[in-house]
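I'd like to ask you about the structure that follows.
Every number in this text was worked out from the coordinates using simple rules, so none of it is lab data. Just so you know, these numbers come straight off a predicted model, no measurement behind them. A quick note on method: Cβ atoms are made from the backbone with ideal geometry, for glycine too, and the neighbour counts reach across all protein chains shown.
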Amino acid sequence: MSELGMTWRNESLGARIRVALWLREEVGEGGTFSKARLREAIKGAEQVDRRMRDLRPAGWVISTYRDKPSLLPDQLYLEKIGLPVWEPEHRAAGLRQISAKIRRYVYERDGHMCRRCGVTAGEGYADEPGTRARLTLGHVNPHKSGSGANAEDLITECARCNETVRHLTGVQMTKEQVWDQMKELPVQGKRELLAWMKADRRPLSAAEKAWGMYRQMSAAVREELEHDLEALMRS
């Protein structure tokens, strides 16, 4: 491809390449930018925020306000431009390929639900009416550049938690806010939560596991299962 075509404005290029070129051309090392500005430039690209994160394992250093306190919560700082992923020999640099077998295993292991907030595929968010969850895979340690693509390195997350946990979205809850929620729990709730903390996981009940599998079905099949369960309960 000619140098003229190797620009972020070329919509025939992949989103990761366009993001890298945009950062190089429009921001530059030492420059600041916002996700809103990036999304406005790379319109229509799927998961443009994730494509930006995919540059980090290729040596790109992009800091947030948590890394650099002088930044505002909605600002990002391009500290270093890494490998030129727009060049053919570097196209796959830093990309972690997750096999279909591992992907299926992790979803099944995690009960087909986000292990951070508990939402299942297609389920609506209580605090975002009209928005439904989409499941994806994230890394147990999202801040470890180049972390592996083995099952033990992966966790099922909804797209919203996947974004939030990387500190690339809005301001996070404070320790005090979380503690206020914990204090309001009844005694049994506190016991359960403490057990989950010590185990570093929340065990799923049989009903929760069935719910996660149910949410994977098509709308027509879910309707049939609902009717079948109603009939079973009446018998």
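Farthest toward the dipole's positive end in the chain, which of Ala100, Ala220, Ala41, given Cβ charges of +1 (Lys, Arg) and -1 (Asp, Glu) about the Cα centre?
It is Ala100, whose Cα lies furthest towards the positive end.
Follow-up. What three numbers, in Å, describe the spread of the alpha carbons of segment 27-66 along their principal axes, ordered from the longest?
25, 20, 20 Å, listed from the longest principal axis down.
Please give every one of the aspartates and glutamates within straight-line cross-link reach of Lys183, meaning a C-alpha to C-alpha distance under 20 Å, and leave out same-chain neighbours fewer than 8 residues apart.
Filter leaves Glu192, Asp200.
Then there is this: Rounded to the nearest 20 Debye, what is the dipole magnitude of the chain about its Cα centre when Lys and Arg each give +1 and Asp and Glu each give -1 at the C-beta? If you can, show how the numbers build up before the last one.
Details: 39 positive and 34 negative charges, 99 e Å.
Magnitude of the dipole: close to 480 debye.
Please get the size of the charge dipole for segment 15-90, origin at its Cα centre, with Cβ charges of +1 on Lys and Arg and -1 on Asp and Glu, quoted in debye to the nearest 20.
240
For the cross-link pairs Lys35/Lys68; Lys35/Lys80; Lys68/Lys198, which exceed 21 Å when the distance is taken from alpha carbon to alpha carbon? Before the final figure, lay out each step's value.
On the way: Lys35/Lys68 16 Å; Lys35/Lys80 17 Å; Lys68/Lys198 32 Å.
The pairs that break the limit, which is 21 Å between Cα atoms, are Lys68/Lys198.
Semi-axes of the equivalent ellipsoid of segment 1-136: what are they in whole Å, largest first, if each equals the square root of 5 times a C-alpha gyration tensor eigenvalue? Don't jump to the answer; show the numbers that get you there.
Details: eigenvalues 170, 81, 48 Å².
So the three semi-axes of segment 1-136 are 29, 20, 15 Å.
Let me ask another. Could you compute Rg(Cα) / (2.2 N^0.38 Å) for segment 15-90, with N its residue count? Don't skip to the answer; put the middle values down first.
Values: Rg = 11.7 Å, N = 76, 2.2 N^0.38 = 11.4 Å.
That ratio works out to 1.02.
Please give the per residue volume of the convex hull enclosing the alpha carbon atoms of the chain, rounded to a whole number of Å³.
Working: hull volume 40.5 nm³, N = 235.
Hull volume normalised by residue count: 172 Å³.
For Lys101, list the aspartates and glutamates whose Cα falls under 14 Å from its own Cα; do not include residues on the same chain fewer than 8 positions away.
Glu152
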